[in-house]
1. R0 = 45 Å: FRET efficiency of VAL148 with ALA276, Cβ-based, nearest 0.05?
2. ALA156: net charge of surrounding residues, Cβ under 11 Å, Lys/Arg +1, Asp/Glu -1, itself excluded?
3. State, as an integer percentage, the relative contact order of the chain based on alpha-carbon contacts under 8 Å between residues 6 or more apart.
4. Quick one: putting +1 on the C-beta of Lys and Arg, -1 on the C-beta of Asp and Glu, what dipole do you get for the chain around its Cα centre, in Debye to the nearest 20?
5. Within a Cβ distance under 11 Å of MET1, other residues only, what is the Lys/Arg minus Asp/Glu net charge?
6. Output the antiparallel fraction of DSSP beta bridges having both residues in the chain, as a percent to the nearest 5.
7. Just from its helices, what would the mean residue ellipticity at 222 nm be for the chain, if runs of 4 or more DSSP H residues each count -39500 (n - 2.57) and the sum is divided by every residue, rounded to the nearest 500 deg cm²/dmol?
8. Of LYS70/LYS92; LYS159/LYS224; LYS27/LYS76; LYS27/LYS267; LYS224/LYS267; LYS131/LYS224, which pairs sit farther than 24 Å apart, going by alpha carbon to alpha carbon?
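Where a number appears in this text, it was derived from the coordinates with a stated rule and is not lab data. Being a predicted model, the structure only gives us computed values, none of them experimental. Cβ coordinates were reconstructed from backbone atoms using ideal geometry, including for glycine residues, and neighbour counts include every protein chain displayed.
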Amino acid sequence: MTLEERLFAHVYRIRRVEERVSVEYPKDVIRSPVHLSIGQEAVAAGVCEALGKEDAIFGTYRSHATYIAKGGDLRKMVAELYGKDAGCCRGKGGSMHLIDPEVGALGGSAVVATTIPHAAGWAYANKIRGKRHVAVAMFGDGAVEEGVFYETLNFAALKKLPVIFVLENNGYAIHSPLLTRQPKDNIAERAASFGIPAEVIDDGDTRSIYEATARAVQAIREGKEGPFFIECRIYRWKEHVGIGEDWRFGYRHQAEAQPWIERDPLKVTAAPLSEARRQEIETSIEAEIADAFQFAESAPFPDVSELLTDVYA
Ligand SMILES: Cc1ncc(C[n+]2csc(CCOP(=O)(O)OP(=O)(O)O)c2C)c(N)n1
Ligand SMILES: [Mg+2]
C-alpha cells in the first residue's frame, strides 16, 4: 500500500470499528464505558503511521484509535470490549485498558495524565539500554492540568529522552471548555518553555500529523535526541463517553463542529485514492471487522474461578 492508502486505511478502520461499537452498545453486550474517537481519527492515524513496531505508544481511556492504528489485534480488542477471556486483558480491562505489547500498543489508562510519565519512563529505559526506539505519550488538553505533565516535561527535557508528547487538543475536558480551566490556550508554548521543540497542527490534517511525527521519529533515530511536542487540534464529534451526541447539554454548539465535519479525516484521506483502490481497502477492512465482532460474540467469558487472578486486591 502507498502512504496515502495506509493513512486512509487507518482512519477508515478506526471509524468503522467505532461505528460498529455504536450499533452493538445498546444491546448491552459491551461491558465497559466507551469513549469514542469519531472525528479525531487523524491523530492516532497520522502518529502511528510514522512509528515502527518497536516504538511504543501509551494512550488514554479514549484510545481504541491508538490501539487500532498501532496494529493491535482487532479480535482481541473487540473480545476485550465484550469482557471475554480472549480479550487483550482477558476481559478484565475493557475499553479503557487496551494493550498489545507485540505491536507496541503499550496500554491505555482511565486515570488522566498517567500515560505521560509512563511513556517517559519507557523512553528513559530505552536511552539507558542504547536503543533508538521512540515512545509516544498521547493525552488530552485536560491532562495538562495535572502536575505530572509539567514534572514529566521537565525530566524529559533534562534527560533528553526519546519521547514524543502528542497532545490531542479537542478543546474540552468532559463538558468544560479549555478557557474555563486554563488562563491561556497556549499549551505548546508551555512545552517550548522547557526547550522542547513544539509544533501545532491546527487543522486536524492526517498527513500533516504524520509528517510532523515522522520528522521527530527521524531525529530520534538519528540520535538527535528528544523530546518533541506535537499539539494536534481536533474536535470530538460525539459525547464525552458513550455513543450519542450531546448538543442538548448546551456546553457547546453544533455550529462549532461544522468546519471539522467539512474536513472530516475520512473524506480528506480518501480524496487522493482511486475509487477502485478505496473500495478494495474498504471491503477488506469490513471483512476484518465483521470477523472480529463475530469472534468476540462467540468467545467464552472467563471462568468464575478466575475472578481474582491478574487483578490487584
Ligand atoms: C486523575 C483524574 N482526574 C479526573 C478524572 C475524571 N476525568 C475523566 S475524563 C476527564 C477529562 C479529560 O479531558 P482531556 O484530557 O481533554 O481528554 P478528552 O476526554 O477530551 O479526550 C476527566 C477530568 C480522571 N479520570 N482521572
Ligand atoms: Mg480534551
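1. Numbers: r = 49 Å, r/R0 = 1.08.
Approximately 0.40, to the nearest 0.05.
2. +1
3. 24 percent
4. Numbers: 37 positive and 46 negative charges, 153 e Å.
Charge dipole, the chain, about its Cα centre: 740 debye, nearest 20.
5. Around MET1, the surrounding residues sum to -2.
6. Values: 3 of 24 bridges.
Once the DSSP bridges in the chain are tallied, antiparallel ones form about 10 percent.
7. Mean residue ellipticity, 222 nm, calculated: -13000 deg cm²/dmol.
8. Exceeds cut-off: LYS27/LYS267; LYS224/LYS267.
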